[in-house]
Amino acid sequence: MNELMVRVARRQQEVDGICSFDLVADHEAALPAFTAGAHLDVHVAPGLIRQYSLCNDPAEPGRYRIAVLREPASRGGSAGMHERVQVGDRLKVSPPKNHFPLTPAKHSLLFAGGIGVTPMLAMARTLFATGAGFEMHYCGRSASRMAFVDELAQSAFAAQVRVYADDGEPAQKFDARLLLEGAPEGTHLYVCGPAGFMGHVLDTARQLGWPESRLHREYFAGAVTASAADAAFDVRVASTGQLIHVPSHKRVIDVLADHGVDVPVSCESGVCGTCLTGVLEGAPEHRDSFLTDSERQANDQFTPCCSRACSPLLVLDL
Ligand code: FES
């Protein structure tokens, strides 16, 4: 589907460092519907595209709400949104895409860390509306820097939400193991937040025997893409036979572009899957957070915006 033009109808500083933006159709055309867990690719500036989860109620027509954490090490995405985007501005966005959909279940656990609360807000609203059982557990460093805490406290499902702040009372400490052990049989787990938080939650669930089919995750943090410590390797473009050297400090996507081979990109950090490219020979070193474990093990595709190679040569299906 084609990109959409939207207009910023409202901009709100939620807490220090987090700003929300309400986006409405620029013309009379209705905005496409979305489901809980969906995100938009937002064209923050020419050539700069970032993914932001939709956090308003999917049942609410005519509006998309995103919330943006200003990253201290922003490469232009979150800083651009905070510094430049004002009410009345027009933005180009993709139609909603959903890589983090809800699976029908009797009970769901929503674990959010920091700005990872955004997709969980839409999920909680959908689950509540459908009458499905759920609990939402929202963790952050400090209550004063956690967005939407008041909104959650005033929601119709406030009794199903618990908020944990690292600087709060020790008695309210988040205990992933306790929550996972106490979940009803067949519960699905959704987790979104910083990589360390997600790793801890997912590792705990796996230790307790939760099957992968009931673990759902969405990463925000970008991958480390290339450094001088990385090994160099070659890639071959299958359609032309072109052999291209990838030095240690360069990304595959950049080297391909230097040789006239363009692969579409969006997040450039292994999150969105836009650059996914087939691998016909060789072993990729996966650094993305998009592919599932079984997709990684198949070794037949990789994300050249961040991933590299374990073998001296990768033959790419390009
Ligand atoms: Fe998003 Fe590569 S561009 S995963």
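The values are calculated or read from the model by the stated rules, or taken from the named source; none is laboratory data. As the structure is a prediction and not an experimental result, all values here were calculated from the model. Cβ sites come from the backbone with ideal geometry, for glycine too, and all protein chains shown count toward neighbours. These area figures cover heavy atoms from the full protein model, side chains too; ligands, DNA and RNA do not enter into them. Shrake-Rupley method; radii C 1.70, N 1.55, O 1.52, S 1.80 Å.
Numbers for the structure displayed
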read-out	value
Surface per residue (accessible, 1.4 Å probe) for the chain, Å²	46 Å²
Beta bridge orientation in the chain: antiparallel %, DSSP, nearest 5	60 percent
Rounded to the nearest 20 debye, dipole of the stretch 15-101 from Cβ charges on Lys, Arg, Asp, Glu	260 debye
Values of log10 I(q)/I(0), in the order q = 0.09, 0.14, 0.19, 0.21 Å⁻¹, for the stretch 130-275 under a Debye, Cα-only, solvent-free model	-0.48, -0.85, -1.18, -1.35
Chain lengthening between Ala232 and Asp258 when straightened (0.36 nm per residue, less Cα-Cα)	7.7 nm
Straight-distance crosslink candidates among lysines, where the alpha carbon sits under 18 Å from Lys106 and sequence neighbours closer than 8 are dropped	none
Principal semi-axes in Å for the chain [√(5λ), Cα gyration tensor, largest first]	34, 25, 18
Portion, in percent, of the accessible area of the stretch 46-130 that falls on carbon or sulfur, probe 1.4 Å	57 percent
Options Ala238, Trp210, Thr292, ranked by Cα towards positive dipole end of the stretch 197-318, top entry (Cβ charges)	Trp210
R0 of 30 Å, Cβ-Cβ distance Glu295-Thr103: FRET efficiency to nearest 0.05	0.95
Segment Leu313-Met5, extension gain: residue separation times 0.36 nm, minus the distance between their alpha carbons	106.7 nm
Using a Förster distance of 25 Å, the FRET efficiency for His245-Leu48 (Cβ separation, nearest 0.05)	0.35
Rg and Dmax [Cα atoms of the stretch 227-308; Å; Rg one decimal, Dmax integer]	11.9, 32
Shape call, the stretch 1-143: gyration tensor on alpha carbons, a/c limit 1.5	oblate
Length released on extending from Ala129 to Ala153, taking residue separation times 0.36 nm less the Cα-Cα span	6.9 nm
Separation in nanometres of the label points that stand 7 Å from Cα toward Cβ, at Arg63 and Arg177	4.3 nm
